[in-house]
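Novice: Before we start, here is the structure in question, set down as structure tokens.
The values are calculated or read from the model by the stated rules, or taken from the named source; none is laboratory data. Keep in mind that this is a model prediction, so the values were computed, not measured. Backbone-built Cβ (ideal geometry, glycine too); neighbour counts: all protein chains shown.
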Amino acid sequence: MRRQVLFVGLICVTFLVNAQEEKTIDLDEVTIQASSIIRKKDRQLIFPSKDQVRRSMDGLDLTRRMSLPRLWVDPNTKSISMANGNVQLRINGVLASSLEVAALSPEDIKRVEYHDNPGLRYGEGVDIVLDYITIKRTSGGNLGVDLSHQLNTFWRADYIYGKYNRGRSEFSLSSFANGHRYKEAWQDRTEIFHTPDGTFQRTQEGISGRDYEMYWTTTANYNYTKDDDYFLNAKLNFYYYDYPHNYSSALLRNSESKMTTDLIDNNKSLNTRPSLDLYYFRKLPRKQSLAVNVVGTYSNTDSRHTYREELESIPLTDIYTKVDGKRYYPLVIGIPCAM
């Protein structure tokens, strides 16, 4: 796939407002030094340095500066990933997205608990768990806006996030939109086929076409905390992905024939997925605890694919695929466990 796009400029606007109430106690002539990493049986406790916190714009940037092993932080897509495996993110023990991590203020992150061999309690197929342990604020909040746009074509990566604390309650919101449009996009390909009668080659010469893609995700969150004994978290997520047109026309040539075949390969896809996640945690007597997680998801998919090969306007291959699906995913889990 080759894409030709002329980029002549980039506008980046960053706006950040913090309002937190903090108490500082000065100790004269006292210096305390401690290791930034504490190793335990099942995890590592990694503490960010003052310099890392000072230089970081948000929780995602702080994660990148901490250089955690085997992890890759992409500031453009606001994501945390690894080469071969799955990464699970949590904030104070609750499942979270990379956008929620990005919405964290670096000053609020006390430590990151790094699990490189997580147990079954985190689910199957999870290779690394990052749990961000934060400071619990009782007042104040923060607001951040990060806008990135191209001047001469449609390309955007906009991120808005905010948090407000009042007493034992915390309200937060994060929204990320990423999209692009290419006026010239095509694909060249060479294929070699082996048959009982011999070998032949087919080449695909791409014809310039359009390409457009739009991605948007938003999370609204509320949690209520009472010391370490009681925790309630309610999260509303919305996912939107629009791929309205991907035209991939081309000319096909066969080494066994002098004829040229016209290829039309079009894709169109629209996906929306709202979800509600409720999490409740409470300590019980005798070093027991109860965790209840209720998740409800509605997924709507509309996907269409057209593939057609024509020789002198006569169809040789004509395939049309349409997927129109609506699914509901209810899940309720209640687990009593030892502390």
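Novice: Looking only at segment 246-263, filter to residues that are within 26 Å of Lys183 (Cβ to Cβ) and part of a loop (DSSP other than H, G, I, E, B); which one of those is nearest to the chain's Cα centre (by Cα)?
Specialist: So the residue we want is Ser248.
Novice: Is there a residue in segment 182-196 that is at pLDDT 90 or above and within 22 Å of Leu60 (Cα to Cα)?
Specialist: The answer is no, given that none of the residues of segment 182-196 is at pLDDT 90 or above and within 22 Å of Leu60 (Cα to Cα).
Novice: Consider Phe193 against the criteria (1) of a type in the set (Phe, Trp, Tyr); (2) more than 30 Å from Ser255 (Cβ to Cβ); (3) in contact with a Phe, Trp or Tyr (Cβ under 6 Å, 6 or more places away or on another chain): it satisfies all of them except one. Which criterion is unmet?
Specialist: Against the list (1) of a type in the set (Phe, Trp, Tyr); (2) more than 30 Å from Ser255 (Cβ to Cβ); (3) in contact with a Phe, Trp or Tyr (Cβ under 6 Å, 6 or more places away or on another chain), Phe193 comes up short only on (2).
Novice: Next up: Kindly indicate whether Pro106 is touching a helix residue (DSSP H, G or I) at 6+ places or on another chain (Cβ under 6 Å), within 27 Å of Ala220 (Cα to Cα), surrounded by 14 or more Cβ atoms within 10 Å (Cβ to Cβ) and not hydrophobic (A, V, I, L, M, F, W, C).
Specialist: yes
Novice: Quick one: which strands (runs of 3 or more DSSP E) sit completely within segment 115-204 and have at least 1 residues that are outside the structural domain of Leu236 (by TED's automatic domain parsing) and under 21 Å from the mean Cα position of the chain (by Cα)?
Specialist: 128-134
Novice: Can you run down the residue pairs with Cβ atoms below 9 Å, 6 or more apart or on separate chains, where the first is in segment 180-198 and free of Cβ contacts under 8 Å to residues at least 24 places away in the same chain and buried (at least 17 other Cβ atoms within 10 Å of the Cβ) and the partner is hydroxyl-bearing (Ser, Thr, Tyr) and part of a strand (DSSP E or B)?
Specialist: none
Listed here are the residues, each with its yes/no results for (1) modelled with pLDDT of 90 or more; (2) in the same structural domain as Ile160 (by TED's automatic domain parsing); (3) over 19 Å from Leu104 (Cβ atoms); (4) surrounded by 15 or more Cβ atoms within 10 Å (Cβ to Cβ).
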| residue | (1), (2), (3), (4) |
| --- | --- |
| Ser49 | yes, no, no, no |
| Met57 | no, no, no, yes |
| Leu68 | yes, no, no, yes |
| Trp72 | yes, no, no, no |
| Ala83 | no, no, yes, no |
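Novice: Within segment 144-167, which residues are over 17 Å from Ser79 (Cβ atoms) and either among the acidic types (Asp, Glu) or surrounded by fewer than 15 Cβ atoms within 10 Å (Cβ to Cβ) (or both)?
Specialist: Val145, Leu151, Asn152, Thr153, Phe154, Arg166, Gly167
Novice: Of the residues Arg308, Arg253, Arg273, Arg304, which is under 22 Å from Thr217 (Cα atoms) and either at pLDDT 85 or above or charged (D, E, K, R) (or both)?
Specialist: Selected residue: Arg273, the only one of Arg308, Arg253, Arg273, Arg304 that is under 22 Å from Thr217 (Cα atoms) and either at pLDDT 85 or above or charged (D, E, K, R) (or both).
Novice: Within segment 120-179, take every residue that is among the hydrophobic types (A, V, I, L, M, F, W, C) and touching a helix residue (DSSP H, G or I) at 6+ places or on another chain (Cβ under 6 Å) and give me the one that is modelled with the highest pLDDT.
Specialist: Looking at the filtered set, the residue picked out is Val129.
Novice: Let me ask something else. Just give me the residues in segment 61-82 being of a type in the set (Gly, Ala, Ser) and more than 15 Å from the chain's Cα centre (by Cα), in sequence order.
Specialist: Ser67
Novice: Filter segment 285-329 down to residues that are outside any strand (DSSP E or B) and either within 22 Å of Ser249 (Cα to Cα) or touching a helix residue (DSSP H, G or I) at 6+ places or on another chain (Cβ under 7 Å) (or both), then give me how many there are.
Specialist: Total satisfying the criteria: 2.
Novice: Considering only residues that are touching a residue at least 40 places away in the same chain (Cβ under 8 Å) and of a type in the set (A, V, I, L, M, F, W, C), which ones fall in segment 156-171?
Specialist: Residues satisfying the conditions are Ala157, Phe171.
Novice: Ok, one more. Among the numbered criteria (1) outside any strand (DSSP E or B); (2) under 18 Å from the mean Cα position of the chain (by Cα), which one does Glu107 miss?
Specialist: (2)
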